[in-house]
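We did not get these values from a lab; they are worked out from the coordinates using the rules stated. Predicted, not measured: the structure shown is a model, and the values here were computed from it. Cβ coordinates were reconstructed from backbone atoms using ideal geometry, including for glycine residues, and neighbour counts include every protein chain displayed.
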Amino acid sequence: MLRATPRATARPVLRRLLVGAAASVAAAGSLTAVPAAAYAQADGTGLLSPAGLGGGPDRDHLTVTVRNAGPGADGTFELYCGPDGGSHPDPRGACAALERDTRWGQDVFAPAPEGGFCTMQYGGPATAHVTGTWEGRPVDATYDRRDGCQISRWDRLVPLLPGVGGERGARA
């Protein structure tokens, strides 16, 4: 007579548990795959915007303070996205630049990576400080143009930040 060993009977049970867990994870993942448009609502303009962002207090809001960038570029500006507005000189362009660089799992306002190789060039004395909320997350980022990495980081966000030097008034 053959007797089932505890090890032999444990394998089918373990397999069922693993398959059940995998199915649960797949089901939960499919819930997060619903496109954002499925959660949109009309904002009164005939356009769709994410629920709660159609002009309410939860929409994206940034305060951009620029110093030493030159006449007409220095100052403190308010920016609202979704719908675009505020005292920023180019709210539509600034919101578009942010949306273009926003990626899942990445911070559009992240500092340049530590230990990177940067060209030793000086882009001028301009500085900027960006605070507020973007995509529901707090923002507190500083910018300068002290080397090639910082210049590139700044230029990537033109026109949120003003074009400086050869970039003035143009998108990099």
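Points to keep in mind about this one:
- The packing ranking, built from the mean of other Cβ atoms within 10 Å per residue, places the peptides 133-141, 154-162, 97-105 in the order 154-162, 133-141, 97-105, highest first.
- Radius 14 Å from Cβ of G86, net charge of other residues (Lys, Arg +1; Asp, Glu -1): -2
- Relative to the Cα centre, the charge distribution of segment 81-172, modelled as +1 at Lys and Arg Cβ and -1 at Asp and Glu Cβ, gives a dipole magnitude of about 180 debye.
- Cα Rg over Rh - segment 56-156, Kirkwood: 0.97
- Counted by Cβ distance under 11 Å from Y143, the other residues give a net charge of +3, where Lys and Arg count +1 and Asp and Glu count -1.
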